[in-house]
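Visitor: Dropping the structure in here first, questions after.
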Amino acid sequence: MSKNKELLWQSRFSLPFDRDALKFSSSVHVDRKLFREDIRGSIAHVTMLAEEKIVSREEADSIVAGLREIEVELAEGSLVPQWEDEDIHTVIENRLKEKIGIAAGKLHSGRSRNDQVATDTRLYMRGRINSLEEVLGGLMKVLLEKAETYRETIIFGYTHLQRAQPISAGHYYLAYFNMFDRDRGRLRDLMKRVDISPLGAAAFAGSTLPLNPSRTAELLGFGAIFPNSIDAVSDRDIIIEFISACATIMMHLSRFSEDVILWSSYEFGYLEISDAFATGSSLMPQKKNADIAELVRGKTGRVYGNLMTILTIMKGLPLSYNRDMQEDKPPLFDSAETTIDCVKIFAKMLENTALKEDRLAKLTAEDLSLATEIAEYLVRRHVPFRDAHRITGKIVTWSITNAITLPNIPLEKFREFSEAIEGDIYDSLKPDASVNSKKTHGSCSFRSVAAQIAEAGKAL
Ligand code: ARG
């Protein structure tokens with residue numbers, strides 16, 4: 001049996017840690033991703049230690065130089081983290097000892113892996129939140145371009161997945177723009193709570209050494225320091241909030257994906273996905289599938305699962321740190337990476353889609369979704385809305401039974417249903433008239449959509 005490497009806490013024990021137990025508890029394969037954040041945090045910590053004269057300037061210099069070399073070794077792959085080292089913090093500390101000798105042992109003065117890992121996690125999250133905000137901005141830009149391109153294209157708006165009323169396609173794209181804008185707002189709000197340094201909380205109770213947490217916070221660019229050292233090491237709310245924000249983004253993407261999948265089907269036929277973003281079948285030569293949208297929809301399930309994972313890990317944990325919390329990283333990393341990837345590829349795919357305008361123009365012109373226009377026409381003629389609704393319902397039934405579309409019903413026929421109907425009814429029975437007769441705030445008319453586009457432009 002091969003011998004364990006020196007673990008940070010081994011001295012108290014008379015037996016070496018069982019190899020299988022060590023392998024089971026090692027998190028190197030996951031937290032190796034945090035090596036840059038870990039080294040950054042350590043450099044800030046040792047800089048503060050030197051300023052407070054807890055370590056000498058020479059010791060700090062040699063620790064910092066060693067850490068910088070280790071960062072390069074890890075980035076280049078000449079240093080490969082091994083599970084025997086328990087976690088990335090230990091990998092780096094053991095390597096530092098090999099490089100600079102006993103001075104390496106001073107890096108950990110006044111610091112526990114508990115505040116260390118909490119710091120690394122927050123640094124990682126800050127980076128991911130920024131990336132996610134950026135890719136969301138990219139998606140919103142594509143949506144705004146789509147809204148501009150298709151402002152005067154009329155599509156069906158749906159409720160219950162039944163054709164409901166004609167709308168400007170720009171209005172549709174802006175609905176998604178607003179969802180992703182709120183998602184970005186959620187991340188910005190969360191950033192206020194992420195931007196707090198836990199470094200200096202030590203294991204959980206603080207330290208007898210004259211640490212200066214404000215200084216390490218400043219060196220790491222954090223806006224504030226922890227108010228309470230117990231909370232500093234045991235708070236994972238920010239991870240829950242972050243994954244929840246990711247889950248909401250994925251839910252929005254998944255709904256959008258569903259639209260793309262349906263609209264690009266032969267049955268709907270509203271949307272063409274560029275060949276560069278569609279897949280074929282290995283058996284059926286005619287197939288053109290919206291796999292990118294399907295994968296985004298599928299990956300949404302993974303991110304929802306991650307949210308349940310972290311909530312369940314935290315449930316019932318006594319204060320303060322517990323090793324359970326090491327399990328926070330797989331769901332955190334997976335949610336961040338999956339969501340960023342999905343937003344990016346979805347934006348690129350969306351850019352490469354086109355509405356089939358000719359087909360949409362033909363379909364909307366003939367459709368029963370103009371029925372609401374008749375009801376509102378009657379209301380303008382002072383018919384109570386309930387009566388108008390009932391009369392229009394009968395007109396619709398007649399239209400279906402006789403296979404005559406609404407704009408093709410003769411005036412005499414209309415007047416059998418209501419004397420209030422006159423020749424100008426046909427002006428209302430055009431999709432663009434229907435769309436542009438909307439007068440209310442935030443509605444689907446071309447004018448309202450132009451105003452919404454102008455507002456959306458400011459949000460970008
Ligand atoms: N690998 C641990 C984690 O990610 C680091 C903290 C270990 N602390 C401890 N007391 N065992 O949470």
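Visitor: Just give me the residues in region 31-48 being under 14 Å from A118 (Cα atoms), more than 13 Å from the ligand (Cβ to nearest atom) and of a type in the set (A, V, I, L, M), in sequence order.
Guide: Listed by number, the list holds a single entry, I39.
Visitor: Here's another thing I want to ask about it. Restricting attention to region 63-99, which residues are more than 16 Å from the ligand (Cβ to nearest atom), assigned to a helix (DSSP H, G or I) and surrounded by fewer than 20 Cβ atoms within 10 Å (Cβ to Cβ)?
Guide: Those that are more than 16 Å from the ligand (Cβ to nearest atom), assigned to a helix (DSSP H, G or I) and surrounded by fewer than 20 Cβ atoms within 10 Å (Cβ to Cβ): V64, A65, R68, E69, E71, V72, E73, A75, E76, K97, E98, K99.
Yes/no per residue for (1) surrounded by 15 or more Cβ atoms within 10 Å (Cβ to Cβ); (2) closer than 25 Å to E272 by Cα:
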residue	(1), (2)
K356	yes, yes
R359	no, yes
E373	yes, no
P384	no, no
D387	no, no
A403	no, no
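Visitor: What's the total number of residues in region 30-56 that are among the charged types (D, E, K, R) and farther than 16 Å from V91 by Cβ?
Guide: 3
Visitor: Assess whether P166 counts as being touching a residue at least 24 places away in the same chain (Cβ under 8 Å), more than 16 Å from the ligand (Cβ to nearest atom) and buried (at least 22 other Cβ atoms within 10 Å of the Cβ).
Guide: In short, yes.
Visitor: Is there a residue in region 6-17 that is without any contact (Cβ under 8 Å) to a residue 60 or more places away in the chain, more than 16 Å from the ligand (Cβ to nearest atom) and not in a loop (DSSP other than H, G, I, E, B)?
Guide: No, there is no match, as no residue in region 6-17 is without any contact (Cβ under 8 Å) to a residue 60 or more places away in the chain, more than 16 Å from the ligand (Cβ to nearest atom) and not in a loop (DSSP other than H, G, I, E, B).
Visitor: Any residue at all in region 125-145 that's more than 24 Å from the chain's Cα centre (by Cα) and either within 16 Å of the ligand (Cβ to nearest atom) or buried (at least 20 other Cβ atoms within 10 Å of the Cβ) (or both)?
Guide: no
Visitor: What are the pairs with Cβ atoms under 8 angstrom where one residue, in region 181-194, is over 19 Å from M251 (Cα atoms) and charged (D, E, K, R) and the other, located anywhere, is part of a helix (DSSP H, G or I) and open to solvent by less than 90 Å² (accessible area, probe 1.4 Å)? Sequence gap at least six, or different chains.
Guide: R193/I238; R193/E241
Visitor: Is it the case that region 204-212 has a residue that's within 24 Å of the chain's Cα centre (by Cα) and of a type in the set (F, W, Y)?
Guide: Within region 204-212 (the criterion being within 24 Å of the chain's Cα centre (by Cα) and of a type in the set (F, W, Y)), the answer is no, since none of the residues qualifies.
Visitor: Here's another thing I want to ask about it. Report every pair of residues separated by at least 6 positions or lying on different chains whose Cβ atoms are under 6 Å apart, first residue within region 95-112 and β-branched (V, I, T), second modelled with pLDDT of 95 or more.
Guide: Cβ pairs passing all conditions: I100/S62; I100/G66.
Visitor: For region 372-393, which positions are touching a Phe, Trp or Tyr at 6+ places or on another chain (Cβ under 6 Å) and closer than 14 Å to E416 by Cβ?
Guide: I391, the sole residue that qualifies.
Visitor: Follow-up. List, please: which pairs have Cβ atoms under 9 Å, are six or more places apart or on different chains, and start with a residue in region 370-387 that is without any contact (Cβ under 8 Å) to a residue 12 or more places away in the chain and over 19 Å from P407 (Cα atoms) and end with one that is open to solvent by 40 Å² or more (accessible area, probe 1.4 Å) and in a helix (DSSP H, G or I)?
Guide: Listed by first residue and then by second, the contacts come to F385/E376; F385/V379.
Visitor: Look at region 42-62 and say how many of its residues are in a helix (DSSP H, G or I) and either modelled with pLDDT under 95 or of a type in the set (V, I, T) (or both).
Guide: 3
Visitor: Filter region 299-351 for residues that are among the hydroxyl-bearing types (S, T, Y), open to solvent by 30 Å² or more (accessible area, probe 1.4 Å) and away from the ligand (no atom under 16 Å from the Cβ); which is farthest from G138 (Cα to Cα)?
Guide: T312
The values are calculated or read from the model by the stated rules, or taken from the named source; none is laboratory data. On a predicted model such as this, the values are computed, not experimentally measured, just so you know. Counting neighbours? That spans all protein chains shown, and the Cβs are built from the backbone with ideal geometry, glycine included. Accessible surface areas use protein heavy atoms only, side chains included; no ligands, DNA or RNA. Shrake-Rupley method; radii C 1.70, N 1.55, O 1.52, S 1.80 Å.
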